[in-house]
Amino acid sequence: MTSVSSGKSGTAALAADPSPSCICGAPLFRGNTSCLRCGSLTGYLPDRGWLLAFTLTRSRVSSPFPTYSNPLPSLTGRTFKPCRGRTTAHQCNWMINATDPATQCLSCSLTRTTPDLTRPGATDRWAGAERAKRQTISLPP
Ligand SMILES: [Zn+2]
Ligand SMILES: [Zn+2]
């Protein structure tokens, strides 16, 4: 998983997903927030179009928020934080640069109105709409 090869000539590096699998070797799934085998945090990097597993770099104890990194050479020196939408009902799995003052990702920041989640079925419908929005604005796999 340390080498990146797209296998397709003429495609931009953005189109090559370097790691459809976790550090532990298990496959990663686009909508998941953690690896189903080892529990590593799973997140989508919107600027690369990559779904990756991350390891904790700094815990909440030593930082205002936990930060994460990935061992890919092209991501050396970069740390990330989860979108705050991760802790909501729609469980956004997008990641943000740790140095970014924003607390939510591009997709979540497009939400103008959150429905009244006390209404029956509203939570599921909202989660579905947020998932569809992420899928629509993300780079093609
Ligand atoms: Zn894993
Ligand atoms: Zn988000």
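When 119, 78, 112, 37 are sorted by how many other C-beta atoms sit within 10 angstrom of their C-beta, beginning with the fewest, the order is 112, 119, 37, 78. Remark: region 56-121 is approximated by an ellipsoid whose semi-axes, taken from the C-alpha gyration tensor as √(5λ), come to 27, 13, 11 Å, largest first. Among 103, 55, 136, a tally of other beta-carbon atoms within 10 Å of each Cβ gives an order, fewest to most, of 136, 55, 103. If you bin all the Cα-Cα distances of region 28-91 at 5 Å, starting from zero, the percentages per bin are 4, 16, 28, 28, 18, 5, 0.
Laboratory data are not the source of any read-out in this text; all were calculated from the coordinates shown. Quantities reported herein were computed from a predicted structural model and do not represent experimental measurements. All Cβ positions, even for glycine, are placed from backbone atoms using ideal geometry, and neighbour counts span all protein chains on display.
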